[in-house]
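The values are calculated or read from the model by the stated rules, or taken from the named source; none is laboratory data. Here the structure is a predicted model, which is why all the values come from computation and not from measurement. Note that each Cβ is placed from the backbone with ideal geometry, even for glycine, and that neighbours are counted across all protein chains shown.
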């Protein structure tokens, strides 16, 4: 950004402060940034837990609050008109695109039965529950539905009970470690559903194949907004800049980096559109339209909830590929799921 002349001729300086994952500390930090450091803009912290108190400070001082990492339901219950969550949709809607895909199939080709294995976590179980509600409304019968505690290390009992019901489709409301454990249990039990969707864990382009084995990824569905190989405009430029700065290759870049990058590009877009980047202008301008970013074309309701949808991706050929919606797909979905590699 600065090499291109900054924002409206001003060089951008970044200040990072440590919140120690403390809601109290994050309030102090944002208050000091605004009242003592008198920064022009603030961006959100990591997690919904910290986003809520930080966004309240921003609202109190009439600051815009662009944030890429706090998308839980309670964030939007604040009804903060200054907040803009930089992902395609609220986190709990992460499975909606999988439901869209399944329900787009001819009735004769859809699964008849479904099972749900869900981590007791506000960013995991609700994703599966949303899919379940839509599947049941469409006549897909629930044969298993289980929430397991966060400390569950051995997923074998859960998966054994699930597999005994012989579901056509499995929807796993997961984070990371439990997702890997579910896959390992399925392999051990030789259970291979026709469709398998995992809300998190499978969406990591490096960690998932590392933890479950590269030959055990094929056919697994997940969702996301950006991934290595994304066809989004500007993606190649982002990847090149990231590698130049941090090294490695594109497959080591996590979607959270693309989300943070998109938060910054939104400020540039406002500058181009409005010729100013004061907080009032940012708030008014972002609410006035739809904005192209690496993570999708973004628009928001009055509470900062994005109005789009995540992409459905599937592991094919050792990589995450967009497979739905068709207009954005790089390949067709593969079903039934290929057998585990072992």
Filter the stretch 304-328 for residues that are closer than 20 Å to residue 220 by Cβ and part of a loop (DSSP other than H, G, I, E, B) and give the result. 309, 310, 317, 318, 325
Residue hits (the stretch 1-15; farther than 19 Å from residue 37 by Cβ and part of a loop (DSSP other than H, G, I, E, B)) are 1, 5, 8, 9
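Of the residues that make up the stretch 14-24, is at least one surrounded by 23 or more Cβ atoms within 10 Å (Cβ to Cβ) and on the phi < 0 side of the Ramachandran plot?
Taking the stretch 14-24 and keeping what is surrounded by 23 or more Cβ atoms within 10 Å (Cβ to Cβ), we get none.
No, there is no match, as no residue in the stretch 14-24 is surrounded by 23 or more Cβ atoms within 10 Å (Cβ to Cβ) and on the phi < 0 side of the Ramachandran plot.
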Checking residue 233 against (1) buried (at least 17 other Cβ atoms within 10 Å of the Cβ); (2) at negative phi; (3) in contact (Cβ under 8 Å) with a residue 12 or more places away in the chain, which single condition isn't satisfied? (1)
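Kindly evaluate residue 179 against the criterion of being closer than 30 Å to residue 228 by Cβ, in contact with a helix residue (DSSP H, G or I) (Cβ under 7 Å, 6 or more places away or on another chain), surrounded by 24 or more Cβ atoms within 10 Å (Cβ to Cβ) and touching a residue at least 24 places away in the same chain (Cβ under 8 Å). Please lay out each step first, then the result.
Values: closer than 30 Å to residue 228 by Cβ: yes; in contact with a helix residue (DSSP H, G or I) (Cβ under 7 Å, 6 or more places away or on another chain): no; surrounded by 24 or more Cβ atoms within 10 Å (Cβ to Cβ): yes; touching a residue at least 24 places away in the same chain (Cβ under 8 Å): yes.
Spelling it out, it is not the case that residue 179 is closer than 30 Å to residue 228 by Cβ, in contact with a helix residue (DSSP H, G or I) (Cβ under 7 Å, 6 or more places away or on another chain), surrounded by 24 or more Cβ atoms within 10 Å (Cβ to Cβ) and touching a residue at least 24 places away in the same chain (Cβ under 8 Å).
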Please specify each residue of the stretch 291-303 satisfying the condition of being in a loop (DSSP other than H, G, I, E, B) and farther than 18 Å from residue 226 by Cα. 301, 302, 303
Between 45, 81, 111, which is buried (at least 19 other Cβ atoms within 10 Å of the Cβ) and either in contact (Cβ under 8 Å) with a residue 60 or more places away in the chain or in a helix (DSSP H, G or I) (or both)? 111
Is it fair to say residue 103 is in the same structural domain as residue 169 (by TED's automatic domain parsing), in contact (Cβ under 8 Å) with a residue 12 or more places away in the chain and either within 25 Å of residue 285 (Cβ to Cβ) or in contact with a helix residue (DSSP H, G or I) (Cβ under 8 Å, 6 or more places away or on another chain) (or both)? yes
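Would you point out which residue out of 318, 252, 289 is closer than 17 Å to residue 203 by Cβ, surrounded by fewer than 14 Cβ atoms within 10 Å (Cβ to Cβ) and either assigned by TED's automatic domain parsing to the domain that holds residue 40 or in contact (Cβ under 8 Å) with a residue 24 or more places away in the chain (or both)? Please lay out each step first, then the result.
Working: 252 fails: surrounded by fewer than 14 Cβ atoms within 10 Å (Cβ to Cβ); 289 fails: closer than 17 Å to residue 203 by Cβ.
Every option except 318 fails the conditions.
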If a residue has to be within 24 Å of residue 42 (Cα to Cα) and part of a helix (DSSP H, G or I) to count, how many in the stretch 247-267 make the cut? 13
Scanning for something at pLDDT 95 or above, crowded, with 21+ Cβ neighbours inside 10 Å and in a helix (DSSP H, G or I), does the stretch 268-284 turn up at least one residue? yes
Residue 157 vs. criteria without any contact (Cβ under 8 Å) to a residue 60 or more places away in the chain and surrounded by fewer than 22 Cβ atoms within 10 Å (Cβ to Cβ): yes
Restricting the stretch 48-67 to residues that are assigned to a loop (DSSP other than H, G, I, E, B) and either touching a strand residue (DSSP E or B) at 6+ places or on another chain (Cβ under 7 Å) or at negative phi (or both), the residue that is surrounded by the fewest Cβ atoms within 10 Å (Cβ to Cβ): 61
Take the stretch 321-342 and flag every residue that is under 13 Å from residue 230 (Cα atoms) and either without any contact (Cβ under 8 Å) to a residue 60 or more places away in the chain or out of contact with any strand residue (DSSP E or B) (no Cβ under 8 Å at 6 or more places or on another chain) (or both). 329, 331
